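Down below is the structure, laid out as structure tokens.
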Amino acid sequence: MIRHVPTYQLYGEDPERTERFWLHCESIPERSRLHEWEIRPHRHEAFFQILYISHGHGEALMDGAYRPFSQETALFVPPGAAHGFRFSRDIGGLVLTVLRDRLDRVAAVDRHVAAFLAAPHIVPLASGDGRDAADSLVRLGAEIQGHGVGRAAMLEALVAASLVGVVRASGRREGQGELPRDRDQERIERLGALIGAHFREHRDAAFYAGAMGISTAHLNRILRAATGCSLQQLLNRRLVEEARRDLVFTFLPAQSIALALGFPDPAYFSRFFRRETGMTPGEYRKAERAALRF
């Protein structure tokens, strides 16, 4: 029985060294070799992980039990899930550690994706959608190491592509077929792009509905059916995600974070943040930074 599972930022790593990152990538042998090919049970509250196994085999602790995996497999670990790994000495592949707000953005616009991403999974990638997912993961690892034009935008896109690719690979393997696509789903995806471009401007619901050529009431009906949230709730969630990230992973004062997020009055930002999270920005920063230490 596992009596205590520590919570780390990265497994066995000093939080101060990785204070400002949102995406971290390294080879699996690079870290597992340091721990005799076994990563003991632990969890990450602020991050999710995807491991791409290109060679070798091993066992993954998921849902309280060790489960076997082999090459050409993705291991998905959501925030808060206890996990550990035992690797063969010929293991190959990479591990991606990503700030959880990227996961929340992808999950917010599709209930099928959200349901998958809420739990750990072992997903074979040997064929079909799995190969697409593997290609995205390999490209993501290469992009992190490079310095190409538009690198930040490409990383954002490849993280989303990798996540959805793994979900689709799991769906096909389980006989669920392709994720359904319809007009409303396409509208939700378009809305996600619009929110990403304009959320700091604090536009009202009529702006987004007008940009999509539908009424505000119709847009809210679509969103509630697909996500359970109204448009205003999605907008508030995006603002809170950005605020949380900056409070924990930068040293910017709350006033600067407020201004960067389009709040001209820091006092209003503080009230907004407390209403959405139950804590002031200062309280949240203190609590989350303390939780990252071990």
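What's the longest uninterrupted piece of the chain once you rule out the trypsin sites (Lys or Arg not before Pro) that are loop residues per DSSP with at most 14 other Cβ within 10 Å?
Value returned for the longest uninterrupted segment is 182-292.
For the chain, set up a GNM with springs between Cα atoms under 10 Å and report which of HIS202, HIS44, HIS218 has the largest fluctuation.
Sorting by GNM fluctuation, first place goes to HIS218.
Can you give me the angle between helix 231-249 and the longest principal axis of the chain, using Cα atoms only, in degrees from 0 to 90, rounded to the nearest 10?
Helix 231-249 and the main axis of the chain meet at about 60 degrees.
Which distance in nm do the two modelled labels at ASP204 and THR280 give, with both placed 7 Å along the Cα-to-Cβ direction?
3.2
Once you sort the root eigenvalues of the Cα gyration tensor of the chain as a ≥ b ≥ c, which label holds: rounded (a/c under 1.5), prolate (a/b larger than b/c) or oblate (the other case)?
oblate
Give me the one-decimal nm value for the distance between modelled label points at ALA157 and THR250, 7 Å along each residue's Cα-to-Cβ direction.
Reported label-point gap for ALA157 and THR250 is 2.4 nm.
Residue farthest toward the positive end of the dipole of the chain, with Cβ of Lys/Arg at +1 and Asp/Glu at -1: which of ALA119, GLN71, HIS35?
ALA119
Which angle from 0 to 90°, rounded to the nearest 10, does the C-alpha axis of helix 129-145 make with the longest principal axis of the chain?
80
Springs between alpha-carbon atoms under 10 Å, Gaussian network over the chain: tell me which of ASP90, ASP132, ASP246 tops the mean-square fluctuations.
Fluctuation is largest for ASP90.
Kindly provide the chymotrypsin sites (Phe, Trp or Tyr not before Pro) of the range 45-110 that DSSP labels as loop, not H, G, I, E or B, and whose Cβ sees at most 16 other Cβ atoms within 10 Å.
none
Here, each number is a calculation from the coordinates, and none is a lab measurement. Since the model is a prediction, treat every value here as computed from it, not as a measurement. Ideal geometry is used to build each Cβ from the backbone, glycine not excepted, and the neighbour counts take in all protein chains shown.
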